[in-house]
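Structure first, then comments.
The values are calculated or read from the model by the stated rules, or taken from the named source; none is laboratory data. Predicted model, so just to flag it, every value in this text is computed and none were measured. Because the Cβ atoms are built from the backbone with ideal geometry, glycine has one as well, and the counts that use them run over all protein chains shown.
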Amino acid sequence: MKLTFLGAAGEVTGSATLVETSEATVLVDFGLHQGAADSDRRNRSTAIRQTLRRAKPDAIVVTHAHIDHVGRLPLLPSWGIKAPIHSTAPTVDLAGLLLRDSAHIQSEDARGETRRRQRGGRKAVEPLYTVADAEAVLEWFRPHECDTPVEIANGVTLRFLHSAHLLGAASVELRVIDRGVERRLVFSGDLGPGGVPFLKPPHRPEHADVLVIESTYGDRDHRPLEETVREFDRVIDHAMIDGGKILIPAFAVGRTQGVLVMLTALRRDGRLPDIPVYVDSPMAIEAGDLYRKWYEALFTDEMIERMKGGFRLIDLPQLHRVRTSDESRRLNDMKGAAIIIAASGMCSGGRILHHLKHNLWKANTDVVIVGYQAEGSLGRRLVNGARRVNVLGASVIVQAKIHTINGLSAHAGRTDLLAWAALLKGDRPRTFVNHGENGPRLALATGLAESIGCEWSLPGYRESFEL
């Protein structure tokens with residue numbers, strides 16, 4: 001049996017792990033590399049294409065719909081690779097939303113780059129993939145319930161475990177029989193924080209021979225939620241005084257909805273002034289509809305009963321949903337304080353770039369970072385204190401105040417990651433720490449060695465391990 005890491009090895013994007021036995025091959029996630037200077041090169045890697053063509057996966061398993069976990073799937077049809085894609089039912093819907101949007105962005109980016117190249121006499125570029133490629137791969141999805149075992153390949157049985165990271169997100173348990181030997185492989189996927197009052201907690205695995213665990217925040221814990229709310233409250237108060245905009249780069253699926261829940265809580269406590277709130281993301285609006293469709297998969301039984309009784313987690317009379325580009329552009333001419341939530345979460349594309357271009361140079365602007373910023377991304381440069389950045393081809397001085405509020409993260413912090421793995425102490429699984437930069441990976445690996453007594457590795461890009 002062999003594991004090969006085709007992404008998320010020393011980075012937080014590009015999740016992809018190949019599991020090979022003597023009788024079957026399973027690919028767990030196939031996400032897009034994002035943010036770094038070499039992301040496009042890795043997304044177009046001929047070495048990865050050759051590896052998968054050789055392996056010929058019998059099945060693909062998707063932990064959740066974030067683009068860093070599904071974003072390379074549309075490449076597979078053009079590579080001559082086809083296999084059923086197994087996920088939870090909500091993930092099927094969300095993947096459709098996100099992959100179509102990703103394909104649209106790839107095409108738009110390619111058109112823009114082609115125009116720039118042709119002005120210099122250089123040849124056109126092709127998009128990474130097209131909407132047609134995304135539509136083709138969406139036909140391969142097969143929905144499953146959590147906690148229900150299903151055989152997906154010869155000798156391989158899959159079970160999803162609720163991971164509390166995103167609607168439909170799940171950890172993966174593979175029970176593999178190879179040459180008469182049974183092993184249990186557990187992939188954490190992305191884990192959500194524990195202790196969120198209205199969300200189902202992550203399902204902790206009880207046994208594993210092999211563990212592949214994310215480490216996004218493996219070296220630190222998040223700020224307590226109440227402290228986060230107080231800090232956000234202060235930012236709003238300052239904006240009301242100086243009349244500036246509050247810009248919140250947020251992923252359209254998951255993070256935007258979380259910010260709106262927090263704003264609703266502030267309003268119910270009488271702490272949210274009469275400030276307009278704009279969700280400038282058609283995809284976030286569609287995602288909200290999917291959250292309403294699948295809410296029973298995400299919330300505790302108590303919260304489900306309250307919602308059936310009419311309770312609304314998001315209840316903001318001053319909320320405006322911005323659908324068209326013209327409506328979005330008009331926000332830049334608007335005077336006075338306002339909260340604008342727009343994708344993308346790492347400032348790597350989308351409508352947030354236009355708002356940053358028009359407002360970063362203003363001293364009365366506040367930019368609130370509410371999620372992880374990958375190395376190399378514009379969001380990371382702002383967090384690191386850059387005083388001048390390039391946005392949409394323009395050099396912009398940064399005079400806005402940059403706030404980092406990590407208490408809204410949908411990722412587990414270090415303590416929650418260690419607690420999630422605690423039941424595996426008796427098994428002492430062979431452990432691979434991925435989906436994290438090297439500092440957090442090493443910190444989590446040494447913590448796991450101490451807490452569950454495991455042997456660990458920090459896999460490198462395209463590195464293979466015999467089990």
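A few comments on the model shown:
- Selection status of H69, in contact with a Gly (Cβ under 6 Å, 6 or more places away or on another chain), at pLDDT 95 or above, outside any loop (DSSP other than H, G, I, E, B) and not polar (S, T, N, Q): yes
- Those residues of the range 192-224 which are at pLDDT 95 or above, acidic (D, E) and surrounded by fewer than 22 Cβ atoms within 10 Å (Cβ to Cβ), in sequence order: E206, D209, D219
- Any hit, the range 63-70, residues being of a type in the set (S, T, Y), surrounded by 24 or more Cβ atoms within 10 Å (Cβ to Cβ) and touching a Phe, Trp or Tyr at 6+ places or on another chain (Cβ under 6 Å): no
- Among the criteria (1) of a type in the set (A, V, I, L, M, F, W, C); (2) outside the structural domain of G7 (by TED's automatic domain parsing); (3) touching a helix residue (DSSP H, G or I) at 6+ places or on another chain (Cβ under 7 Å), the one I236 does not fulfil is (3).
- Residues that are touching a residue at least 24 places away in the same chain (Cβ under 8 Å) and closer than 16 Å to T21 by Cα, drawn from the range 165-223: E173, L174, R175, V176, D178, R179, R183, R184, L185, V186, D209, V210
- Residues considered: R312, R323, R292. Of these, the only one that is within 24 Å of the chain's Cα centre (by Cα) and touching a residue at least 40 places away in the same chain (Cβ under 8 Å) is R323.
- Those strands (runs of 3 or more DSSP E) of the range 138-191 in which 3 or more residues are surrounded by 17 or more Cβ atoms within 10 Å (Cβ to Cβ) occupy 156-162, 170-178, 181-187.
- Conditions (1) more than 20 Å from the chain's Cα centre (by Cα); (2) touching a residue at least 12 places away in the same chain (Cβ under 8 Å): number failed by R388: (2)
- Candidate set from the range 417-428 (those that are within 18 Å of L442 (Cβ to Cβ) and not small (G, A, S)); member that is surrounded by the most Cβ atoms within 10 Å (Cβ to Cβ): L417
- The residues of the range 8-28 that are over 23 Å from E182 (Cβ atoms) and not hydroxyl-bearing (S, T, Y), listed by number, are A8, A9, G10, E11, V12, G14, A16.
- Count of the range 233-259 residues, restricted to those that are under 19 Å from V196 (Cα atoms) and out of contact with any strand residue (DSSP E or B) (no Cβ under 7 Å at 6 or more places or on another chain), is 5.
- Taking the conditions (1) modelled with pLDDT under 95; (2) closer than 22 Å to D101 by Cβ in turn, E375 satisfies each one other than (2).
- Verdict on A208 being of a type in the set (G, A, S), over 21 Å from the mean Cα position of the chain (by Cα) and outside the structural domain of Y372 (by TED's automatic domain parsing): yes
- Which numbered condition K82 fails, given (1) in a helix (DSSP H, G or I); (2) among the charged types (D, E, K, R); (3) over 14 Å from the mean Cα position of the chain (by Cα): (1)
- Test: A252 is out of contact with any Asp or Glu (no Cβ under 9 Å at 6 or more places or on another chain), closer than 26 Å to C146 by Cβ and at pLDDT below 95: no
- Test: residue in the range 360-381 that is free of Cβ contacts under 8 Å to residues at least 24 places away in the same chain, part of a helix (DSSP H, G or I) and not assigned by TED's automatic domain parsing to the domain that holds L32: yes
- Applying the set (1) polar (S, T, N, Q); (2) in contact with a Phe, Trp or Tyr (Cβ under 9 Å, 6 or more places away or on another chain); (3) surrounded by fewer than 16 Cβ atoms within 10 Å (Cβ to Cβ) to T324 leaves exactly one unmet item: (2).
- Check on M346, at pLDDT below 95 and over 27 Å from the mean Cα position of the chain (by Cα): no
- Hits in the range 387-416 (condition: small (G, A, S) and surrounded by 15 or more Cβ atoms within 10 Å (Cβ to Cβ)): A400, G407, S409, A410, A412, G413
- Qualifying position, being in contact (Cβ under 8 Å) with a residue 60 or more places away in the chain, loosely packed, with under 15 Cβ neighbours inside 10 Å and farther than 26 Å from H203 by Cβ, among D242, D280: D242
- Total residues in the range 219-251, condition closer than 26 Å to H435 by Cβ, aliphatic (A, V, I, L, M) and either over 19 Å from the mean Cα position of the chain (by Cα) or assigned to a helix (DSSP H, G or I) (or both): 1
- Just one of the listed residues (G192, G254) is assigned by TED's automatic domain parsing to the domain that holds T91, under 26 Å from F432 (Cβ atoms) and under 23 Å from the mean Cα position of the chain (by Cα), and it is G192.
- Residue count, the range 429-444 (criterion: crowded, with 24+ Cβ neighbours inside 10 Å and assigned to a helix (DSSP H, G or I)): 2
Results for (1) touching a helix residue (DSSP H, G or I) at 6+ places or on another chain (Cβ under 6 Å); (2) basic (K, R); (3) farther than 17 Å from P197 by Cβ, shown as yes or no for each residue.
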position	(1), (2), (3)
R268	no, yes, no
I285	no, no, yes
R292	no, yes, yes
K308	no, yes, yes
